[in-house]
Structures are given as structure tokens and as C-alpha cells.
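The structure appears right after this line, and notes come after that.
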């Protein structure tokens, strides 16, 4: 009798990668493998150890190859038959060179051929030779594959793949290709499926969600998709989110769809990247800071309680102190709920990476710290406005931290505008992930709220 096989999928990178990992897991389960924990995998239980990689940050490559070396030691000592499979953006980028740099890798697959993983694994098991398959273009949307979803109450749904923008700092378009849109009927079928299986929250994913439909000649399709979500509220779909829109393509119909569709949440993540028009132009972002701020005004006029988050890059090549001051000015005016701030890092193969006017590390670090100080101040000021108020929280975990003296549990979840909230419940309170509860906020910290169940 053949022994049960096990797999583990490690995800590096963004939500798009995390969603692709659910599809990788689904493919492996269709092959007959069962999931094991990270701890079990690192002890050698996993027969398939898949790593879904990211290539956005400079240290992604070094991190991966160091990790593969560790896995080889685990394989050698505990499970000689373990297959080490590497996919995702870094696999797409490095291609055959990955096997040269890491001969311990058994399978290399790209962002376009998740469906080909079973064939590659079986061939690697049979021949004991590394298998590499990187397709040059999308053949099948990953969303058409089975998924082993990480959550029952919350689901990611991809509406497009790839990107038509040419931002000079970004390597993603060259790895995931030009934008390809899923047909809205396929998207709605997946929404119906996950809601029927108990999902109460969905997040639409795309490199640029607000250009969804351009491939079909319908630039208003994303707003129509958001409005369509109202039809599923009666079936249990309580919250709809999306990430990420591009400011250059942001239109009023999307704002109105957000404002007028009850289960579309008042939260918006829209990357700024820089407040300097000169830097934005050199980044090829196709908008100016005034355009960005006007979008925020439009959002807040129609959705007064909207929380807006963003991405900002500090130290882009050629950025002057005056450019950086413009970023601080825009951040001060924008009043972001939070910001993901990054120090610029060179990505080989990008136009910005080839520039000679790179900013010295110590200057980038000093600017980064000033930006972080300003944004943390703004975030805390916003968080403090919730003290004493009651907020609706969707429970994210029922594995709470217990206070042994007071016999209480601390659970966690997110508000409608996506603020992490920890709240106390009495021992024995029956709550499961996906439940909606009212929480009275007692204390606000920079990155979370603290309250009690009402």
C-alpha cells in the first residue's frame, strides 16, 4: 500500500502570490497529497516542498537560494525523496539559471503554468533530474484551477493577470506579462462558488483592478462588477474589497459604485509612490500629485468614512531633498490611514536600476525614518478618533490569547475600513471566523485598536 504523501507551500510576496499558492495547493491535493504544517515540513515530512517566489525586492533572490540550501540539508537527512519545487516571479525571472545556482531544486515553473506542475513533479520523481518549464504567455488562468483556500470565510478572487504599465522601478510586467482580463461570467461564477461554500468576504485581485474590462472594450466593467456584488449580500456576502487600483485610471464611476453598494467596504488602497511630480514622471506613473489628491477628495466627498492606505517609495534615483519634501507635503494633506513605505532597491532589468544617480543608502535611510515618523503620527491621530466608539468587526480568528487571571479571551478581526482590532470576550463565548460583532473601542495603538465585545 502506497504511503500517504504530504506537501507544504511557502509563499513569498503579495496577495496575488498568496492566491496563486492556494491554486498550487489545490493542484497538489488533486494529485493525492495532503497538507502538513511548516514545522512538519522542516522536519522532513513534506514530500513536495513548493516555494512560490516574489521578485519585487532586492533581497528576494538571496533569501530564496539560502532557503533552498537549508531544504537540501533537510532532504538529505530526513526525506531523500522530497521534491523541492520553485515557482512564481523569481522562477520566471531566473529560469534555467536557477538550477545552475541551486542544483538542489527539482522543479522550476513559471507564473503562467501552474497547471503543468503535476507533470513536472512526476517527471522529476521518475528521472531524478531537474525539470524546468517557463511558458512565455498565459495559457490558462490560475483561477480556473482547483484551490485549497487558506480561509473559509474570506476569499481572494483574481479578475486579471499582468500589467500594461511601464513603471521604471518595477519588474512585474516583464514577469507576469501584459494585462489579461477574466470574463465577468467566470468571475461571477467564482463569487457564487465561494459564497455558497461559506465565504462572507471577498477581495478582488489584479495588478491594476480599475482597468479591468479594457481587453473587452468596456472600461466601466470594474464599477459594474462592484455593483453586481449587492446581489450576493442576501446569500451571505457581507464584505467586498479590492486591490490595487492605479491613480491614472481611477474614475468617478468606481467611487460611486463603492459608495452606493452596501457590501463594498469603505477602504481603498491606492499607491502614491511619490509626492514629487518630477519623480512620478521619471517613474512613469502617468499622474501628478494634484490628480492623486483630487481622487482622495472625490472619495471622501462620497464616502466620508473611507480609510485610504498607500505605498510610497523613498530614495528613487535622482530624488532630491525638495522632491522628498513634496512627498511629505502630500502625505500630510492626504491623511492616509496607513502607508507601506519602502526604501528603493535596484531591480536588475528595470530602467531605474540602470541609472547612475542612485541615492546613497544613508540618505535614503534618513528620509525613510522621517517619512515613517510623519505617517505614524497621522495614523495614531486617526486611530485615536475611534476611542469610545463602537465598530463592526469581522472575526478573523477564534484562537484567542487567554488571560488566565480574568478568564477572558482576546480575539482579533478587522473593521469595515480594514483596521485590525483586538477585543476581549468572556471564556466560553462562541465565535467563529467570519462572524460579525460589535466592539467598543477602549484604546487605540498605531497599528491596531483594542476593545471589548458589546
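Please treat every number below as a calculation from the coordinates, not as lab data. Please read these numbers as outputs of a predicted model, since none were measured by experiment. Reconstructed Cβ throughout: ideal geometry from the backbone, glycine too, with neighbour counts over all protein chains shown.
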Value of relative contact order over the chain, rounded to a whole percent, pairs C-alpha under 8 Å and six or more apart: 9 percent
Ranked on Cβ counts within 10 Å of their own Cβ, fewest leading, 356, 392 go 356, 392
When ranked by the protection proxy of mean other Cβ atoms within 10 Å per residue, highest first, what sequence do the peptides 84-91, 20-27 form? 84-91, 20-27
May I ask for the distance between the Cα centers of the range 5-68 and the range 233-299, given as a whole number of Å? 31 Å
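Over the range 142-384, what is the relative contact order in percent, taking alpha-carbon pairs closer than 8 angstrom and at least six residues apart?
Details: 409 pairs, mean separation 39.6, N = 243.
Contact order relative to length: 16 percent.
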So in the chain, what percent of DSSP beta bridges are antiparallel if you round to the nearest 5? 40 percent
Please figure out what share of the DSSP beta bridges in the range 349-454 is antiparallel and state it in percent, rounded to the nearest 5. 85 percent
Specify the inter-centroid distance of the range 337-357 and the range 156-173, based on alpha-carbon positions, in whole Å. 16 Å
For the range 142-384, max minus min Cα coordinate along each principal axis, in Å, sorted largest first? 53, 42, 33
Most exposed first by the Cβ proxy, i.e. fewest other Cβ within 10 Å, how do 386, 292 rank? 386, 292
